[in-house]
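The values are calculated or read from the model by the stated rules, or taken from the named source; none is laboratory data. In this text the structure is predicted, and so the values were computed from the model without any measurement. In this analysis, Cβ positions are derived from the backbone assuming ideal geometry, glycine residues included, and neighbour counts consider all displayed protein chains.
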Amino acid sequence: MTEPYKRVALIGLGLIASSMFWAMRRAGMAAEVTGYARSAATRDTARRIGLCDRVCDSVEEAVQGADLIVLAVPVGAMGAVAEAIAPHLAPGATVIDVGSVKRAVVEAVGPHLPEGVHFVPCHPMAGTEHSGPESGFATLFDNRWCLIVPGDAAEGAVGRVEAYWRALGANCERMDVEHHDLVCAVVSHIPHLIAYTMVGVADDLRRVSDQEVIKFSAAGFRDFTRIAASDPTMWRDVFLNNKDATLEILGRFTEELFALQRAIRTGDGEQLHAYFTRTRAIRRGIL
Ligand code: NAD
C-alpha cells in the first residue's frame, strides 16, 4: 500500500490544478491542500469557490511543509516558480509538474531543486478549451492517460506519484522525455496548430461570413473552433518549448499537404483515393 500525501500544494490555480483539487476531494483524500496563483484576482476567485483548504498570498507559504508540490503554471513559467520555491521545500518532498512539454520543463525545473527533493515530471492527457480556477471538474482525469517521465527519480517516489494519479482517475504510462515530446507533437500540438490555422483561414475569407461558417459547419469545423478557443498563453508556451518535435511533425505534415494539393490540381483521383483508403484503414485498425 502506497502512503498517501499529507499536504499537497497546488501552484497555479487553473483548469488542471482546480480539477486535481476536486478529484482529490472526490477520492476522499484527506490531504490538506494549499494553493497559490500569481494574480490576486485568481486567488480571490479560488477562495470564493472553496478551491483548496487554504489559498496563500505567497508561493513560499503555499509550499511550507508540503510533501507533494504540483507545478500547474504555463510551461514558460515553470523554471521561475521552481527557483522561487526551492529554498522552502522540505527534504523528502516530491515535486511534480503537469506541463504539456517535458524536455524544456525538465531542463528549467530540475537544476533548481535541492538534493533530497524528488522531481517526477507528469503530463495528464486531459483538458478542455476552458481555463482558470472556475473551469475545473472532478472527472477530468477519469480514464485518461497520465504520462510519467521519471528520468532518474527514485522508484519509490515515482510509484507514489502513479498511485496518486490513479486515485484521481487516470491511467499511468512511463515514457522517456524525447519520446513524450514527439508523441505529444503528433497527437496534440500539431492538431491544435491546424485548428488555429483553419479558424484563422475561415475568418480571413471575405466571401464567407463568420455566421455562415458556424451555421453550416458540421462537427469537424465546430471542433476546430472549440480547440482554437484554447488558452493562448498556454499554447504559445507549448510551441516555444517543443520546437524540435513540432517543427519535425509540421515539416512532414506540410509535405503531405503539398502532395495532396498537387493531386487535386492535376486531377490525380487515384492518388487521393489511395491516400484516403490508407487513412481509413489506420482508423479502423486503431479501433
Ligand atoms: P490555466 O491557464 O487554466 O491556469 C494557469 C494558472 O497558472 C493560472 O491560475 C495562472 O494565474 C497561473 N500562473 C501563471 N503564471 C504563474 C506564475 N508565474 N506563478 C504562479 N501562477 C501562475 O492553465 P491550465 O490549463 O491549468 O494549464 C496548466 C499547465 O497544465 C500548463 O503547463 C499546461 O501546459 C498543462 N496542461 C494543460 C492542459 C489543457 O488542456 N489545458 C492539459 C494538460 C496539461
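Quick look at the values:
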{"item": "Restricting the stretch 97-120 to residues that are in contact with an Asp or Glu (Cβ under 7 Å, 6 or more places away or on another chain) and within 11 Å of the ligand (Cβ to nearest atom), the residue that is farthest from D244 (Cα to Cα)", "result": "V105"}
{"item": "Candidate set: the stretch 4-41, residues that are of a type in the set (S, T, N, Q) and either away from the ligand (no atom under 13 Å from the Cβ) or closer than 19 Å to V98 by Cα (or both); chosen: the one surrounded by the fewest Cβ atoms within 10 Å (Cβ to Cβ)", "result": "T34"}
{"item": "Criterion: basic (K, R) and within 23 Å of E83 (Cα to Cα) - qualifying residue of R25, R7, R47", "result": "R7"}
{"item": "Given (1) within 16 Å of the ligand (Cβ to nearest atom); (2) in contact with a strand residue (DSSP E or B) (Cβ under 7 Å, 6 or more places away or on another chain); (3) of a type in the set (S, T, N, Q), number of the condition T94 does not satisfy", "result": "(1)"}
{"item": "P191 being over 25 Å from M29 (Cα atoms), in a loop (DSSP other than H, G, I, E, B) and not small (G, A, S)", "result": "no"}
{"item": "Filter pass, A202 being buried (at least 19 other Cβ atoms within 10 Å of the Cβ), free of Cβ contacts under 8 Å to residues at least 40 places away in the same chain and in contact with a helix residue (DSSP H, G or I) (Cβ under 6 Å, 6 or more places away or on another chain)", "result": "yes"}
{"item": "From the options A163, A157, residue that is touching a strand residue (DSSP E or B) at 6+ places or on another chain (Cβ under 6 Å), in a helix (DSSP H, G or I) and at pLDDT 95 or above", "result": "A157"}
{"item": "Subset tally (residues that are surrounded by 18 or more Cβ atoms within 10 Å (Cβ to Cβ) and within 11 Å of the ligand (Cβ to nearest atom)) for the stretch 122-139", "result": "8"}
{"item": "The stretch 58-83, residues that are surrounded by fewer than 20 Cβ atoms within 10 Å (Cβ to Cβ), more than 8 Å from the ligand (Cβ to nearest atom) and not in a loop (DSSP other than H, G, I, E, B)", "result": "E60, E61, G76, G79, E83"}
{"item": "Verdict on A229 being at pLDDT 90 or above and part of a loop (DSSP other than H, G, I, E, B)", "result": "yes"}
{"item": "Subset of the stretch 212-241 [under 27 Å from D181 (Cα atoms), in contact with a helix residue (DSSP H, G or I) (Cβ under 7 Å, 6 or more places away or on another chain) and of a type in the set (A, V, I, L, M)]", "result": "I227, A228, V238, L240"}
{"item": "Pair list, Cβ < 8 Å and 6+ apart or interchain, from the stretch 72-90 residues that are closer than 15 Å to N241 by Cα to residues that are hydrophobic (A, V, I, L, M, F, W, C) and in a loop (DSSP other than H, G, I, E, B)", "result": "V75/V101"}
{"item": "Exclusive hit being within 30 Å of R7 (Cα to Cα), out of contact with any Asp or Glu (no Cβ under 6 Å at 6 or more places or on another chain) and of a type in the set (S, T, Y), set T225, T233", "result": "T233"}
